[in-house]
Amino acid sequence: MLAFNKEFQVTKTYSVLGMTCDGCATAVTRAIQSSVPGAAVRVNLEANHITVEGIDDDHAVEQAIIDAGFEYAGPA
């Protein structure tokens, strides 16, 4: 029998187009964390990627990115 690990965290990476600076990174991070409280967000501006930990809802992440004014380009 497998035991459920309560500390398991979903981590997903997405492509986001249009992020060019720290202000962009902050805007995307705040939008996602506002939409999904408790999500941890890491931004890689050079790769145009964000990594989100603690949420398994692609649609919520996509909508937050769009609401922040950036282009959601799908999973990385």
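The values are calculated or read from the model by the stated rules, or taken from the named source; none is laboratory data. Keep in mind the model is a prediction, meaning the values are calculated, not measured. Please note: Cβ atoms are built from the backbone with ideal geometry, for glycine as well, and neighbour counts cover all protein chains shown.
Residues in the range 27-38 that are surrounded by 13 or more Cβ atoms within 10 Å (Cβ to Cβ), free of Cβ contacts under 8 Å to residues at least 40 places away in the same chain and either among the charged types (D, E, K, R) or not in a loop (DSSP other than H, G, I, E, B) (or both): Thr29, Arg30, Ala31, Ile32, Gln33, Ser35. For Ile66, the conditions (1) modelled with pLDDT of 95 or more; (2) surrounded by 15 or more Cβ atoms within 10 Å (Cβ to Cβ); (3) not basic (Lys, Arg) all hold with the exception of (2). Taking each residue of the range 49-60 that is closer than 9 Å to Lys12 by Cβ and of a type outside the set (Ser, Thr, Tyr) and looking for partners that are at pLDDT below 95 and in a loop (DSSP other than H, G, I, E, B) with beta-carbon atoms closer than 6 Å, six or more apart or interchain, yields Val52/Ala39; Glu53/Gln9; Ile55/Val36; Ile55/Ala39; Asp56/Val10. Scanning the range 39-57 for residues that are in a loop (DSSP other than H, G, I, E, B) and either buried (at least 17 other Cβ atoms within 10 Å of the Cβ) or among the aliphatic types (A, V, I, L, M) (or both) gives Ala39, Leu45, Ala47, Asn48, Ile55.
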